[in-house]
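Presented below is the structure to which this report refers.
The values are calculated or read from the model by the stated rules, or taken from the named source; none is laboratory data. Bear in mind that the values here come from a model prediction, so they are computed numbers and not experimental data. Neighbour counts run over all protein chains shown; Cβ positions are idealised from the backbone, glycine included. Each accessible area value is taken on the protein alone, full model and side chains, heavy atoms only, with ligands, DNA and RNA left out. Shrake-Rupley method; radii C 1.70, N 1.55, O 1.52, S 1.80 Å.
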Protein chains: 2
Amino acid sequence: MASYDDVMSLSVRRGFLWPAVDLYGGFAGFYDYGHHGVLLRRRWEDLWTETFLGLSDNYYLIDTTTILPEAPLKASGHVDHFTDLLVTCTKCGESHRGDHLLEALTHEEHEGLTTEELDEKIRELKVRCPKCKGELGPARPFNMMFPVGVGPTGKDRAYLRPETAQGVYLNFKREFEALRRRLPMGLAIIGRAYRNEISPRQGTYRMREFLQAELQIFFDPATFADHVPLDPLARTPVRIAWAAEKHEPTAQDIAAKDLVAQGLPSWYVYHLVHVQRFYLDALRVPREAFRFAELDEKERAFYNKVHFDVQVRQESLGGFKEVGGVHYRTDHDLKGHETVSHEKQSVTVGTTKLIPHVLELSFGVDRNVWALLDLGLMKGERMSLRLPPRLAPVTVGVFPLVNKDGLPERAEALFATLRKRFAAFYDDSASIGRRYARMDEVGTPFCVTIDHETAEGKGVTVRERDSQKQIRVREADLEITLSRLLAGEASFDVA
Amino acid sequence: MASYDDVMSLSVRRGFLWPAVDLYGGFAGFYDYGHHGVLLRRRWEDLWTETFLGLSDNYYLIDTTTILPEAPLKASGHVDHFTDLLVTCTKCGESHRGDHLLEALTHEEHEGLTTEELDEKIRELKVRCPKCKGELGPARPFNMMFPVGVGPTGKDRAYLRPETAQGVYLNFKREFEALRRRLPMGLAIIGRAYRNEISPRQGTYRMREFLQAELQIFFDPATFADHVPLDPLARTPVRIAWAAEKHEPTAQDIAAKDLVAQGLPSWYVYHLVHVQRFYLDALRVPREAFRFAELDEKERAFYNKVHFDVQVRQESLGGFKEVGGVHYRTDHDLKGHETVSHEKQSVTVGTTKLIPHVLELSFGVDRNVWALLDLGLMKGERMSLRLPPRLAPVTVGVFPLVNKDGLPERAEALFATLRKRFAAFYDDSASIGRRYARMDEVGTPFCVTIDHETAEGKGVTVRERDSQKQIRVREADLEITLSRLLAGEASFDVA
C-alpha cells in the first residue's frame, strides 16, 4: 500500500518523474521525466502501440500539431463548451473549480452542473473559500484551453490542443486516401495535450500538460460488428461499475454477451474486452484493481454517446482513478468539421457513401505511468518496484562483486555483450547490497553478479528482484536463460 | 534531382507529411505526419538515440515540459535576446523578416544585424515591400517565443519553449543526483520546440512547431578530452566549410588532428567526427552532400562559443541547408540559472567543484526527415525513394500475384509470419506492377510475391527496390535471407 508521498519520493530519488521547474519554485501542473521515467513510459507506449495497432492491419500511426487554429476547435465545440466552472473568492481573489469545492465537502462527484445549479449548491451548503473562509463570488464558465497568438501580429488566434483527437479528425481523409481506402480504419497518436486546469493536483493525475495515447477508429456503424466478431469472446467476464452504482466500490464481472444483451453495441464490448486484456495481461494489473466505470449523461463529455472510464485502483490517489476511456463519439466530429469547413468528410466504401462514426480508445500516458509506480511499489524492510519485466526501465543489472582481482574487467566484458540484447546497466559503486537495493527500486527484474567463482569457470549469479533468490548460471547459458525468464518461458526456480 | 514540389507531392501522396489544417485553408509553418512519415521519423529517432547514447554509458534520456515559466527563460536570455528584426510595410501592413528582405535582393545572408544597421541597409538598397511595393517602416525586434498564460487568471506568464535545451539544464542536478554523479554526463531529449517565425517557408525547413533531438553533454573542460580520446580518429577527414569562405560551395576535407592544430578543442573535433559518421554511415548521405559550416560571431546564437552547422545539400531547398549543429555553450546556461534562481548549479566530482560546461549536439528532426526524402527521391520512368533499409517505413511488402487459386491464403500466412519480425505490409489490390510502384514510392527495399510456382514448392520471388532485380528464394530460407540483406551481410546478387 503506497502513499502519495511514497510514490513521489521514490520517483524523484530514482529519476522517474518530478515536479517541473523546482529550481524556480515550481510550476503547478507540470512534471518532468528523468531517464528511468522516460524508459518506463516508452515501454508502456511500445506495448500500447503493439497491442492496439495489432488489432487490425488497417490501423496506422499519425502525428499532428499541438497548436491548432480557432476554426476547427470552434467546429469541434471546444471553443464554446470545453469549460469548467470557476468560482472566485470575493475576499482573497483565489479561484477554485466549483465541482471540487463541493466534492471536498460532500465526498461525491459533482460534474456537469450548470452555473445556476452550482451557485444554488454553494448557497445551500454554505461553502466558503477554502483558503481564507471568505465569501465566494458567482460561478462563471472558464475555458480550459490555452490561447496562443500566431504570426507577427499575434492576431491569428489559436490554441494548444486540449486533446490529440481533433488533429486526427482533420487528417482522416488524407490518410484514408494515402492508405487502403477501407473501413474500419484506425489512426493512433501518442502526443501532448494541454488543459489550463484551475487547480492541478494529485501528481500526474491532473496536469496542465500531459501525454495522451489515443486510437481513433473510423467505421461504418452498419458493418463494424462484422469486422470485430465478439463471438469468440462472448463469455469473457468484463469488470463493470454501472453509473447508477458508482459509489459502490465493487465492480461486477459481466459476460461480454450479457453486456450486449443490456444494450451496448457488440463492437463496443469487443473493444472493452481488448482494453481489459491490455490491463490485466500486458500491464499485469490485479483483476480487483481494474474496472470500467460507466459515465452518466451529465458526466460524459459533450461529444460522447457511450462512455466508460477505464479505472485502476491506486492507494496513492485514494482509490479507483481514471487512466483511460472508451468513447463512442458518433459522427459528431467529422460532421462538425464538414459543416464549418465546407469540405466533404464522407467517403465511399463499396457502394456505401457515409461520414464514418468514431470509436475512441483514449489513455492518459502519465496516469498509466503513475498507476504502474503505485501498483508496483512494495514497502517493507526493503523497498522494491515490482514492474512487469517488459516494462522495467532496466532489464538486467551487471555488477562485479568487488573492484579488484580482475572482476571489473570480466563484468565489463559481460556487460558489453548483454547490452546488445537487453537494457543493461553496469554498476561498480558501493556495496553489493546497496547496488541490489538500487536496482530493486528502479524495478530491475534480474541482476547478474560476477564473483571469484566466475573466474574459476563456475558461472555467474543471477538474482531475481521479487523472490531475492539467487541461482548460478554458466556464462555461456546466460543470454538464453535471461531471455527465457523475461519471456515467461521459465520460472526462476527451474531456470 | 528532386524539386521542392516533387518532394512535397510524393510526401502527400504516400502519407509522409503535409501542411497542417488544410481543411480550413492551411496554417503556415505547421505540418502533420501521416503513417509513413511517423515511421520514417521514428526510425531516424531510434538510430539517433542508439548512435549518440551509444557514445558513453553515462548518457541518458530525459523529457521535460514544452511550456516554461518566464523566469528561467529570462535567465537563459531568451526573453531579452531571442528576437528577429521585423519590418512592417507602412502601406499594406504586411510584416517581413528584415534579413530575408535583404537576402532576397542580394542573395547573401544578413543575420546578426542591429536595428540601426538593418534600417541603414534598407535605405541604401532602396528595399520596398515585396507584397505591395510600399515604403517599409523602421525595423523593430520581435521575440520569437509564443507567450502562454497559465492559471485561472492567465497572469502567470509563460512561453512555449524555443528549444528543448533549457528544460534539460533545469534538471541537470536532479539527474546528476539520481544517476552516477559522474562527468561527462549526457542528457538526450527528443521533443517539440516552438518559434513564432515571421515568415515560415520551405516546407519543414522553417516551421513554427518542430521536433528537436538534442544531446546536452555536461563536462569538466579540464578533463573532457581524456574521456573522448581523439587519437584513434586523428586522421579521419572531416568535411569543413570555413566561415570566411562560406559562399564558396566546396567544403575541404581536413584531418581531425589538423582541426585541433587550427585551434578547435580536441573533444569538439571528436564529436564532429561522430556526427559526420552518423550522416555518412548510418544515414548514408553522400560525402559530397555533407559538410560542417562554421558560423562567425554575428551568425552564432548569443550563447555559443564554438558553432558549426551540420549541413546537407538538398536540391529541393536550393543547396546546402542546416539540419543540425554542434554548439559549445560554455557554462552560460547553468551559470545563468544559478544567478537568477539562487540555486547552486555546481557539482563536486572527485576533488573538483565546478559548474559544468555544455556541449550540445542539436538536430532538427523534421529537417532530417525532409533531407532523407530529398536525397532518396529518384525520378525517371518510375519514381522511387531510395531510403537506407533501416530507415524505410515498410521493410517488406507481401503480395499474392493474383487473387485466386489459393495464392491470397498462402500470402496472408506468410505475411503473418513475416510481420512478427519485420515491418511488413500486405497488399492484394491492383496489378502487381502498381503494387511494386507503390512500395517503391514508400521506400520499401524488398517485396515478396507469392505466385503459382510457390504453390508448386518453388519458393517466392524477392524483388529489390533499387535494381528491380528479382530472385527466387525458398520459403524456408526467406526470413534469414531478408535478415542478411537488411543487415548488409548479403548483396542482392549473391543472396
**Asked** Quick one: how many Å² of A:E456 are accessible to a 1.4 Å probe, rounded to 10?
**Response** 120
**aspartates and glutamates with Cα under 15 Å of A:K469, excluding same-chain neighbours fewer than 8 positions away** = A:D440, A:D493
**Area hidden from solvent between A and B (accessible, protein heavy atoms only, 1.4 Å, total, Å²)** = 6200
**Complete:** Of A:D296, B:D6, ordered by accessible area with the largest first and a 1.4 Å probe, the sequence is A:D296, B:D6
**Item:** Cα-Cα pairs of the protein assembly as shown separated by more than 44 Å (percent)
**Value:** 36
**Prompt:** What is the average number of partner chain Cβ atoms found within 10 Å of a Cβ in A:335-343?
**Reply:** 2
**Message:** Just to verify a number: FRET efficiency for B:T90 and A:L53, C-beta to C-beta distance, R0 = 51 Å, to 0.05?
**Reply:** 0.40
**Complete:** In order over the range B:436-451: 3J(HN,Hα) from phi, Karplus 6.51/-1.76/1.60, θ = phi - 60°, whole Hz, x for each Gly or Pro, gives 4, 4, 4, 5, 4, 6, 7, x, 5, x, 9, 10, 10, 10, 9, 10
**Asked** Within 10 Å of each Cβ of B:202-209, how many other protein chain Cβ atoms are there on average?
**Response** 1
**Percent of Cα pairs exceeding the 26 Å cut-off, where the set is the range A:70-188** = 44
**Prompt:** Measuring label to label, 7 Å along Cα→Cβ, what does A:L125 give against each other copy in nm, shortest first?
**Reply:** 6.6
**Fill in**
In whole Hz, the Karplus estimates of ³J(HN,Hα) for the range A:136-141 (6.51, -1.76, 1.60; θ = phi - 60°; x where Gly or Pro) are 8, x, x, 6, 9, x
**Degrees, to the nearest 10: B:365-376 long Cα axis against longest axis of chain B** = 50
**Item:** Translational diffusion coefficient (Stokes-Einstein; Kirkwood radius from C-alpha pairs) of chain B at 37 °C, 0.692 mPa s, in µm²/s
**Value:** 130
**Within straight-line cross-link reach of A:K133, aspartates and glutamates at Cα separation under 14 Å, skipping those fewer than 8 residues along the same chain** = A:E94
**Item:** Angle between chain B longest axis and helix B:407-418 axis [Cα atoms, degrees, rounded to 10]
**Value:** 40
**Message:** If I take the rotation axis that carries chain B onto chain A, which residue of chain B has the nearest beta-carbon, and at how many angstrom?
**Reply:** B:V148, 3
**Message:** Taking just the alpha-carbon atoms of the range A:8-138, what radius of gyration and Dmax come out, in angstrom?
**Reply:** 21.0, 59
**Request:** Note the per residue figure in Å³ for the convex hull of the C-alpha positions in the range A:197-293.
**Result:** 159
**Asked** If you count, for each residue, the other Cβ atoms within 10 Å and average over each peptide, how do B:74-81, B:36-43 line up from highest to lowest?
**Response** B:36-43, B:74-81
**Request:** Could you work out how far the C-alpha centroid of the range A:407-437 sits from that of the range B:416-495, in angstrom?
**Result:** 41
**Item:** Whichever lysines have a C-alpha closer than 17 Å to that of B:K353, once near sequence neighbours (fewer than 8 apart) are set aside
**Value:** B:K173, B:K335, B:K344
**Share, in percent, of DSSP beta bridges within the range A:62-163 that are antiparallel, nearest 5** = 100
**Asked** Put the label 7 Å from Cα along Cα→Cβ for B:D46; what are its distances to the other copies, in nanometres, shortest first?
**Response** 0.8
**Asked** Normalised by the number of residues in chain A, what is the relative contact order in percent for Cα pairs under 8 Å and 6+ residues apart?
**Response** 13
**Request:** Summarise the accessible area of the range B:215-285 (1.4 Å probe, protein heavy atoms) by the percent that is carbon and sulfur.
**Result:** 49
**Request:** Return a whole-number percent for the relative contact order of the range B:320-363, with Cα pairs under 8 Å and 6 or more residues apart as the contact set.
**Result:** 54
**Asked** Which three lengths, in whole Å and largest first, does the range B:409-495 cover when its Cα atoms are put on their principal axes?
**Response** 32, 30, 24
**Item:** Unpaired by the 4.7 Å Cβ criterion, cysteines found in chain A
**Value:** A:C447
**Complete:** Ordering B:414-425, B:345-356 by per-residue average of other C-beta atoms within 10 angstrom, highest first, gives B:414-425, B:345-356
**Prompt:** How far is helix B:266-277 tilted, in degrees, relative to the longest principal axis of the Cα atoms in chain B, given as a value from 0 to 90 rounded to the nearest 10?
**Reply:** 30
**Prompt:** Placing a label point 7 Å from Cα toward Cβ, how far apart in nm is A:D466 from its equivalents in the other copies, listed shortest first to one decimal?
**Reply:** 4.8
**Message:** With a 1.4 Å probe and all protein chains left in place, how much accessible area per residue does chain A have, in Å²?
**Reply:** 40
**Prompt:** Other chains near A:53-65: what is the mean number of their Cβ atoms within 10 Å of each residue's Cβ?
**Reply:** 5
**Prompt:** Based on the Cα atoms of the range B:152-259, what semi-axes does the equivalent ellipsoid have, where each is the square root of 5 times one gyration tensor eigenvalue, given in whole Å with the largest first?
**Reply:** 33, 27, 10
**Request:** Please work out the Cα center distance from the range A:218-285 to the range B:120-167, rounded to the nearest Å.
**Result:** 52
**Request:** For B:K126, A:K469, B:K133, give the ranking by accessible area with the largest first, probe 1.4 Å.
**Result:** B:K126, B:K133, A:K469
**Asked** Pairs B:K298/B:K321; B:K379/B:K420; A:K91/A:K126: which are spaced more than 23 Å apart, C-alpha to C-alpha?
**Response** B:K379/B:K420
**Request:** Kindly work out what percent of the DSSP beta bridges joining two residues of chain A are antiparallel, to the nearest 5.
**Result:** 85
**Prompt:** Between A:S483 and B:D493, what is the label-to-label distance in nm when each label sits 7 Å out along the Cα-to-Cβ direction?
**Reply:** 3.4
